[in-house]
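Here is the structure we will look at, set down as structure tokens.
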Amino acid sequence: MAKETSVNAARELLAKAGSIAVLTGAGVSAESGVPTFRGAAGLWKQFRPEDLATPEAFARDPKLCWEWYSWRRGLIAGVEPNPGHFALAEMEQRGRAFTLITQNVDGLHQRADSKNVVEVHGSIWTLRCTKCGKEWQDLSATLPALPHCECGGLARPGVVWFGENLNPQIWAKAEHAAQSCDVMLVAGTSAVVYPAAGLVPLARASGAKVIEVNIEATPLSEMVDYAFSGSSGAILPQLVDR
Ligand code: BJW
Ligand code: ZN
């Protein structure tokens, strides 16, 4: 398919859309200083996902797992949202259906004042009890080596690990947004992790136009209507209708 490269045309498409769904990934937070997962400087170059981001890894060594998540919490607490986050928050303030589906667990979209954020992979600021299932927010800079629930159960990070199902209510919101949008904007994701990546073909099959923003080509790049090669911090502000 011929790729439309004009930022102006994509901005106009977004300006005219009655309903927008956005799907973001780690690349959107990269310019804030949050490491991505894949790629040369990605977390998975330094750490093995099977050692840290699976339920089996947590069962085997919860202390090691919490050490990694506590380190990431500290890192994220020390950074700020970047122009890409702020552009998406501004795009939402246009009085039409707008859903920001994010795979990110860092909470930076909310800190940039985005409102309708659907966190399909959970939040690093949420803790969940492995015994009673209670969930709570904890924004503290430091956590105990092994955080516990008031019921005495061991707490785990409220994120979605490999091999785990996504929260059905949250996933239903993401699917609904993908199926009902006129335009889907996909930014900063390698689009290799499912089912999140499947939201893009779902939107397309439902008739949406798709705009991608990424510094590299992804498995989606061939199927989208507009593929912009560049950083989300630079391109997303250009897509806001001012
Ligand atoms: C920039 C930039 C800049 C850089 N500007 N761009 C179908 C097919 C194959 C496999 C599966 C399938 N269905 C399910 C699976 C298994 C698995 C999966 O997808 N595996 C594949 C990786 C092979 N999925 C699951 O297990 C999911 N669960 C599930 O399906 O449940 C049903 C089930 C149950 C039991 C058995 C089987 C199925 C759960 C997936 C959970 C993913 N969890 C993580 C960790 C979250 C917690 C944490 O943060 O620690 O989520 S993994 C990690 O990857 C994290 C991310 O949200 C996710 C996606 O990564 P993302 O955001 O795309 O980041 P990167 O680093 O990959 O890419 C960054 C991109 O940004 C790059 O493209 C850069 O170029 C770009 N970039 N700087 C713009 N400045
Ligand atoms: Zn509990």
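Please treat every number below as a calculation from the coordinates, not as lab data. A quick note: this is a predicted structure, and the numbers were derived from the prediction, not measured. Here Cβ is always computed from backbone atoms with ideal geometry, including for glycine, and neighbour counts include all displayed protein chains.
Proximity of backbone amide H atoms, modeled 1.01 Å from N, is registered between LEU185 and ALA21, VAL22, LEU23, ILE211 at under 5 Å, excluding neighbours fewer than 5 places apart on the same chain. The calculated 222 nm mean residue ellipticity attributable to helices in the chain amounts to -9500 deg cm²/dmol, summing -39500 (n - 2.57) over DSSP H runs of n ≥ 4 and dividing by all residues. Summarising the amide proton neighbourhood of PHE37: residues at separation of 5 or more, or on other chains, whose placed amide H is nearer than 5 Å comprise LEU43.
Which pairs in the list LYS63/LYS131; LYS63/LYS115; LYS63/LYS173; LYS131/LYS173; LYS134/LYS173 are over 24 Å apart, alpha-carbon to alpha-carbon? Table pairs above 24 Å Cα-Cα are LYS63/LYS115; LYS63/LYS173; LYS131/LYS173.
With the largest listed first and rounded to whole Å, the semi-axes of the equivalent ellipsoid of the chain from the Cα gyration tensor are 32, 18, 17. Packing around the peptides 144-152, 232-240, taken as the average count of other Cβ atoms within 10 Å per residue, puts them in this order, highest first: 232-240, 144-152. Dipole magnitude for the chain: about 200 debye, using +1 per Lys or Arg Cβ and -1 per Asp or Glu Cβ, origin at the Cα centre. Here the Debye sum runs over all C-alpha atoms of region 1-62 as equal scatterers in vacuum, and log10 of I(q)/I(0) at q = 0.25, 0.29 Å⁻¹ comes out as -1.05, -1.10. Residue-wise HN-Hα couplings along region 12-18, as the Karplus relation 6.51 cos²θ - 1.76 cosθ + 1.60 with θ = phi - 60° gives them from phi, are 5, 4, 5, 5, 8, 5, x Hz; Gly and Pro carry x. Taking the 0 to 90 degree range and rounding to the nearest ten, how far is the long axis of helix 83-92 tilted relative to the main principal axis of the chain, both from C-alpha atoms? Computed tilt is about 70 degrees.
Between VAL7 and ALA172, the distance separating the two model label sites (each 7 Å from Cα on the Cα→Cβ line) works out to 4.0 nm.
Here the label points at TRP71 and ALA15, each 7 Å from Cα along the C-beta direction, are separated by 4.7 nm in the simple model.
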